[in-house]
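The values are calculated or read from the model by the stated rules, or taken from the named source; none is laboratory data. All values reported here derive from a predicted model rather than from experimental measurement. Note that we place each Cβ from the backbone using ideal geometry, even for glycine, and neighbour counts take in every protein chain shown.
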């Protein structure tokens, strides 16, 4: 099963920052078990959405700064804090800022907010792994274009 936990990227400044939106719907599969009659979005999925955005930004930043294609692999979560629960009908705004970047790893500060209120925050460290799979790269680019709302060529 694959979870896409970003609906739209609303800001994209390679090497610096990105912002994305996630509309949380009652029809999400995870609400069936988490928790019946009191649906709450699992914290690990909030972290996953934050990691998806941070990883994409770090990959694009690596490409721009070092002309290197690689997949960002989450390796460390630091200073994780959850401040509130997320329920169906909420809209999360994920924001990430590049803290550091080199050819083997990158670090980002990431936060999730709802209506301006902090829901979760962490620092994420990713390592970069070369993936020689043109099909995967095309699929990732199509997804990134969809999220960013960029037209097809």
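Could you list all residues from the range 99-141 that are under 16 Å from the mean Cα position of the chain (by Cα) and part of a helix (DSSP H, G or I)?
Scanning the range 99-141 gives 140, 141.
Could we say that residue 68 is modelled with pLDDT under 95 and in contact with a strand residue (DSSP E or B) (Cβ under 8 Å, 6 or more places away or on another chain) here?
When the stated conditions are applied, residue 68 passes them.
Enumerate the strands (runs of 3 or more DSSP E) found wholly within the range 1-89, keeping only those where 2 or more residues are surrounded by 14 or more Cβ atoms within 10 Å (Cβ to Cβ), in contact with a helix residue (DSSP H, G or I) (Cβ under 7 Å, 6 or more places away or on another chain) and touching a residue at least 60 places away in the same chain (Cβ under 8 Å).
Strands (runs of 3 or more DSSP E) meeting the threshold: 8-13, 17-23.
Consider the range 119-153. How many of its residues are in contact with a strand residue (DSSP E or B) (Cβ under 6 Å, 6 or more places away or on another chain) and more than 12 Å from residue 70 (Cα to Cα)?
9
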